[in-house]
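Taking it in order: structure first as structure tokens, then the write-up.
All of the numbers you see were taken from the coordinates with simple rules; none came from a lab. All values derive from a computational prediction rather than experimental measurement. Note: ideal-geometry Cβ built from the backbone for every residue, glycine included; neighbour counts use all protein chains shown.
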Amino acid sequence: MNVIYNSEQYSVVEFGVDDGQDALRFGGFEIMDKPAKREIFIAGPSAESFRQNVRELIATEPSVEEIDEFLGNYDSFMSQAVTIH
């Protein structure tokens, strides 16, 4: 597990590839909207697509605002409430 992005609005954690677990054969990403206290976990082919989109975004040397805007595209999919253990 590796935090790959952290702003006031969003946090993104990458989970490495694990061939022993079908859900993580492409790795996975947890995207958290901090103010809304909700998150989404992306795995499988969706994780690979997200990874590619992130690579393309990083190549443009985006600002924090542009990265947050990109992550905002996932807001409508975030239905899991964030809970603290």
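Quick check on packing: order 37-50, 60-73 by the mean number of other C-beta atoms within 10 Å, highest mean leading.
Ranking, from highest mean packing down: 37-50, 60-73.
Taking every eigenvalue of the Cα gyration tensor of segment 2-81, multiplying by 5 and rooting it, what semi-axes result, largest first, whole Å?
Semi-axis lengths for segment 2-81 are 20, 16, 10 Å.
Between Asn53 and Ser7, what length in nm is gained on full extension when 0.36 nm per residue of separation is reduced by their alpha carbon distance? Before the final figure, lay out each step's value.
Values: separation 46, 0.36 × 46 = 16.56 nm, distance 1.85 nm.
14.7 nm is the gain from fully extending Asn53 to Ser7.
Given the -39500 (n - 2.57) contribution per DSSP H run of 4+ residues, what per-residue ellipticity at 222 nm results for the chain, rounded to the nearest 500 deg cm²/dmol?
Numbers: 2 runs with 25 residues, N = 85.
That comes out to -9000 deg cm²/dmol.
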